[in-house]
Amino acid sequence: MTKNVPEPSAGSLNRAVILLTAIARGSSKGSSLTELVARTALPRPTIHRVLDTLIGLGWVERDKHTARFNLGPDLAALSYSAISRHPIERIAATELSALAERLDQVVYLGVRASLDIVCIGRYESQSQIQVGKGRVGLRGPFGMSPACLAMFSCLPHEAVQAIVAANLSRYHRIEGFDEKGFHRAVSAAMQNGYGTYDNIVLDRTTSGLGVAICDASGYPIAGIGTTYITGWLNDEQRGQCLALLRQAADNISKHLSATE
């Protein structure tokens, strides 16, 4: 006899999405129950009930030692499946793999998801020095990467201001965040048409460049970027790196237009 499983109501589904988003936007070490209450404004009993369901599905897991909640492996499997089917990643993979080899650096591909950036591609060279901790599936506040800054450069000024205002408190939760340096980087991106990543985080050891992938109307639908040790590239090498990034983005944009 088949057991009838009641379908979740729209309200239950909405609360699950709110909690999953809050956890995704939290620390990589996980989120405490108190933090989830503060971020979602949902009642504790509701959060407990929804989390129990999500844990049962394997979409959320709770650390036995810290009691913090994080996204679970079953949800990650679904995410990777979705990423592998993403049309931009499929089209960009060959181009960006070749770019990583030419630059001898790691290249990242990211797409915007509301106020977040999601890494959907990481392409490595044969270099033994791999700069950057980004990984496929990593999600963070939109604005904190060379690719994000490049996408800012293609958006209306009002839209950029709205995103920055909405995410500013999240930026400040990143260790070493330099607000003045960040605003300078945003202004430079809007003026130059590409993203630079210098002095945004106070360790001062990492720099980067990013360019946007745009549709036929010029709207940024993704961004590619690379990071390197500050001072590693001289001005000429930096210019060559930027030119190769732009060429790759242009090639991907043309391929996307051809498939529409």
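Each row is one residue, and each column tells you yes or no for (1) of a type in the set (V, I, T); (2) assigned to a strand (DSSP E or B); (3) under 25 Å from A93 (Cβ atoms); (4) open to solvent by less than 30 Å² (accessible area, probe 1.4 Å).
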position: Q191; (1), (2), (3), (4): no, no, no, no
position: S217; (1), (2), (3), (4): no, no, yes, no
position: Y228; (1), (2), (3), (4): no, yes, yes, yes
position: L245; (1), (2), (3), (4): no, no, yes, yes
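If a residue must be at pLDDT below 90 and open to solvent by 90 Å² or more (accessible area, probe 1.4 Å), how many such residues does region 62-72 contain?
Adding up the residues that qualify gives 2.
Got a number for residues in region 212-247 being under 22 Å from G143 (Cβ atoms) and among the aliphatic types (A, V, I, L, M)?
7
Among the listed residues Y219, Y197, which satisfies the condition of being at pLDDT below 90 and of a type in the set (F, W, Y)?
Going through Y219, Y197 in turn, the sole match is Y197.
When the residues of region 77-103 are filtered to those that are exposed (fewer than 14 other Cβ atoms within 10 Å of the Cβ) and farther than 15 Å from G223 by Cα, which remaining residue is modelled with the highest pLDDT?
T94
If you scan region 200-214, which residues turn out to be of a type in the set (V, I, T) and modelled with pLDDT of 90 or more?
V211, I213
Which one of L149, L109, L115, L138 is open to solvent by 20 Å² or more (accessible area, probe 1.4 Å), within 20 Å of A189 (Cα to Cα) and among the aliphatic types (A, V, I, L, M)?
Testing whether each residue is open to solvent by 20 Å² or more (accessible area, probe 1.4 Å), within 20 Å of A189 (Cα to Cα) and among the aliphatic types (A, V, I, L, M) leaves just L115.
Is at least one residue of region 118-136 at pLDDT 80 or above, in contact with a Pro (Cβ under 9 Å, 6 or more places away or on another chain) and either in a loop (DSSP other than H, G, I, E, B) or within 28 Å of N167 (Cα to Cα) (or both)?
No, region 118-136 has no match at all.
The values are calculated or read from the model by the stated rules, or taken from the named source; none is laboratory data. Given the structure is predicted, the values throughout are model-derived calculations rather than measurements. Note that we place each Cβ from the backbone using ideal geometry, even for glycine, and neighbour counts take in every protein chain shown. The accessibility values were calculated without ligands, DNA or RNA, using every heavy atom of the protein model including side chains. Shrake-Rupley method; radii C 1.70, N 1.55, O 1.52, S 1.80 Å.
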